[in-house]
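FYI, it's all coordinate maths here, none of it is from the lab. Predicted model only: the values in this text are computed from it and were never measured. No Cβ is skipped: glycine too gets one built from the backbone with ideal geometry, and neighbour counts run over all protein chains shown.
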Amino acid sequence: MKKPLIKIAVIHGPNLNLLGIRETEVYGHLGLEDINNKMRARAEALGLELQIVQSNHEGDIVEALHQARLTARGVVINPAAYTHYSVAIRDAITAIRLPVIEVHLSNIFGRESFRHESVTGAVSQGVISGFGAMSYLLALEAIKYVVEDSRLQ
Ligand code: DQA
């Protein structure tokens, strides 16, 4: 019998809908749908089923995390600018008690000092930052690894 797919919520934060147009020298030329398609292909190979959302609103992201608690085994999130100051998203990550991998396209530690702190990454399982679209694919490997090894949760 085939192994059941592992459900993973993927949450993209504010301005990521403009990928491919926005600061391409920092974030690259791929659009969000290109990245989502790459993720879907990798997910299929890894035995994951993705539930992908994007929102420009903090409360929506909090709700998406609450929803993930009911429907997913783990979360991959790029909180975008909220990374650096959203206590509400940080608290939601803590509240849902699911493994969360935080992703950034850019290397947040090599940029302006206000991006060096991640209030959300501090309560996540781990952070992958600086590999462009590949950051998301690495995060899928990471979340599968964490979900399948309960000692890591
Ligand atoms: C980002 C980095 C954040 O500092 C920024 O606000 C973003 C994108 C990244 O993926 O590199 O919107 O999360």
(request) Mind grabbing the base-10 log of I(q)/I(0) for the chain at q = 0.20 Å⁻¹? Debye formula, identical points on the C-alpha positions, no solvent, two decimal places. (result) -1.32
(message) Can you compute log10 of I(q)/I(0) for the range 86-153 with the Debye formula, treating each Cα as one identical point scatterer, at q = 0.17 Å⁻¹?
(response) -0.64
(request) Please sort by residue number the GluC sites (Glu not before Pro) in the range 63-129 whose DSSP state is loop and whose Cβ has at most 15 other Cβ atoms within 10 Å. (result) Glu112, Glu117
(request) Compute the relative contact order of the chain as a whole-number percentage, counting only Cα pairs closer than 8 Å that sit 6 or more residues apart in sequence. (result) 26
(request) In Å and from the alpha-carbon atoms only, list the Rg and Dmax of the range 47-94. (result) 10.7, 34
(message) From the phi angles alone, apply the Karplus equation (6.51, -1.76, 1.60; θ = phi - 60°) to the range 119-126 and give each ³J(HN,Hα) in whole Hz, x where the residue is Gly or Pro.
(response) 6, 7, x, 4, 10, 8, 5, x
(request) Take the Cα pairs of the range 1-74, get the Kirkwood Rh, then feed it into Stokes-Einstein at 37 °C and 0.692 mPa s and tell me D in µm²/s. (result) 243
(request) Could you list the trypsin sites (Lys or Arg not before Pro) in the range 99-153 that lie in coil according to DSSP, counting only those with at most 16 other Cβ atoms within 10 Å of their Cβ? (result) Arg111
(request) Would you list, by chain and number, the lysines whose Cα falls below 21 Å from the Cα of Lys38, excluding same-chain residues fewer than 8 positions away? (result) Lys7, Lys144
